[in-house]
Every structure is written in structure tokens, then in C-alpha cells.
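Peer 1: Starting off with a structure, shown below.
The values are calculated or read from the model by the stated rules, or taken from the named source; none is laboratory data. This structure is a prediction, so every number in the text was calculated from the model and none was measured. Using ideal geometry, Cβ is built from the backbone for each residue, glycine included, and neighbour counts are taken over all protein chains shown. What goes into the accessible areas is simple: the full protein's heavy atoms, side chains included, and nothing from ligands, DNA or RNA. Shrake-Rupley method; radii C 1.70, N 1.55, O 1.52, S 1.80 Å.
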Amino acid sequence: MLIIDDRENEKVKQKLLMRMGDFSKSPDGRAKIKRLKSADYVIGQWGVEINDLYRSILGIGRTRTILDQLRDLEENFDKPFLVVYNTKLKPYVHGRPTAQKMAIEMTKMQKVINQFKLTFYQRFPNIMYMELPSMDSFCDWLV
């Protein structure tokens with residue numbers, strides 16, 4: 001049974017429910033939606049957290065940092081996963097965006113992500129890290 005956090009992306013939730021069946025509508029369904037305390041998706045003792053890595057590292061638009069989320073994941077699941085998909089960096093610059101300003105901001109963003117990845121397994125040795133190219137690939141992996 002795949003349990004999906006009710007706060008997750010609507011498109012992903014609908015794709016998964018269509019492919020696996022909605023347990024709330026049929027006992028043959030293999031997916032259900034409910035509020036999860038930690039993780040975005042749960043399959044048995046697998047806890048899966050997905051992230052827009054750059055925004056999560058900096059805490060942009062988040063109530064908790066990615067470090068807090070990963071600590072919870074590591075404490076609550078035998079098989080924790082951090083899955084990142086479809087990472088498209090969208091730099092923001094103040095004022096008029098020039099090619100030079102955009103390149104500088106993009107370099108800073110990439111540096112933040114690379115630094116996080118370099119120290120990831122030192123900080124979280126029990127969490128498996130995966131990158132997938134798209135939302136569809138993520139759904140395929142979960143199914």
C-alpha cells in the first residue's frame with residue numbers, strides 16, 4: 001500500500017491514484033491519501049521525501065528546513081529515501097536581469113546544491129539519495 005501525504009502535488013497524487021487505484025474508492029486500490037507526520041510517501045517501512053532541492057536547502061517557502069525533514073525521515077523509517085526530480089534552476093536577480101547577473105546567480109545556486117550533495121552522506125548515512133529526470137519517472141518508480 002502506498003500512502004500519499006495529502007499536501008503533495010495534485011498532479012502526482014492523481015497520476016498515482018489512477019495507476020494504482022484509490023483504496024478509499026475500492027478495496028483493490030493500492031494507494032491512499034492521508035496526512036503524514038513525516039515523509040511525503042510511505043510504502044511499508046520506506047519513507048520517501050521529495051524536494052525541489054535548491055529551495056528546500058535555503059528554506060524558501062518552507063516552514064521546516066530540509067535538514068529537519070531528513071532527520072525525521074531517518075528516525076521514523078527503516079528505509080528512508082530523498083528523491084529529487086525535474087530540477088530546473090530558475091534564478092532570480094534584482095533589477096533588470098542581464099546575462100551576466102543570471103549566470104552569476106545560476107553559479108551560486110549550483111554551488112549550494114553541490115555543497116549539499118557533497119556532505120549529504122556524511123550527515124545522513126542511512127538515507128538513500130536518488131535523482132530522477134521527471135515527475136513521470138518518479139511515479140513509475142513509486143508504482
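Peer 1: Across segment 75-113, which residue is surrounded by the fewest Cβ atoms within 10 Å (Cβ to Cβ) among those that are in a helix (DSSP H, G or I) and among the polar types (S, T, N, Q)?
Peer 2: Only one residue tops the list, namely 100.
Peer 1: Hey, another quick one. So in segment 45-59, with the set limited to residues that are without any contact (Cβ under 8 Å) to a residue 40 or more places away in the chain and surrounded by fewer than 17 Cβ atoms within 10 Å (Cβ to Cβ), which one is farthest from residue 112 (Cα to Cα)?
Peer 2: 45
Peer 1: Moving to a separate point now. Can you pull out the residues in segment 2-20 that are hydrophobic (A, V, I, L, M, F, W, C), buried (at least 17 other Cβ atoms within 10 Å of the Cβ) and outside any strand (DSSP E or B)?
Peer 2: Within segment 2-20, 12, 16, 17, 20 qualify.
Peer 1: Any idea how many residues of segment 31-43 are closer than 12 Å to residue 142 by Cα and either part of a helix (DSSP H, G or I) or out of contact with any strand residue (DSSP E or B) (no Cβ under 6 Å at 6 or more places or on another chain) (or both)?
Peer 2: Counting residues in segment 31-43 that are closer than 12 Å to residue 142 by Cα and either part of a helix (DSSP H, G or I) or out of contact with any strand residue (DSSP E or B) (no Cβ under 6 Å at 6 or more places or on another chain) (or both) gives 0.
Peer 1: A follow-up question, please. Taking segment 114-134, which residues are open to solvent by 40 Å² or more (accessible area, probe 1.4 Å), among the hydrophobic types (A, V, I, L, M, F, W, C) and either touching a Leu at 6+ places or on another chain (Cβ under 6 Å) or over 17 Å from residue 74 (Cα atoms) (or both)?
Peer 2: 118, the sole residue that qualifies.
Peer 1: Just give me the residues in segment 17-35 being touching a helix residue (DSSP H, G or I) at 6+ places or on another chain (Cβ under 8 Å) and either modelled with pLDDT under 95 or under 9 Å from residue 3 (Cβ atoms) (or both), in sequence order.
Peer 2: Of everything in segment 17-35, those that are touching a helix residue (DSSP H, G or I) at 6+ places or on another chain (Cβ under 8 Å) and either modelled with pLDDT under 95 or under 9 Å from residue 3 (Cβ atoms) (or both) turn out to be 31, 33.
Peer 1: Another question about this same structure. Out of the residues in segment 21-44 that are open to solvent by 90 Å² or more (accessible area, probe 1.4 Å) and in contact (Cβ under 8 Å) with a residue 24 or more places away in the chain, which is nearest to residue 119 (Cα to Cα)?
Peer 2: 37
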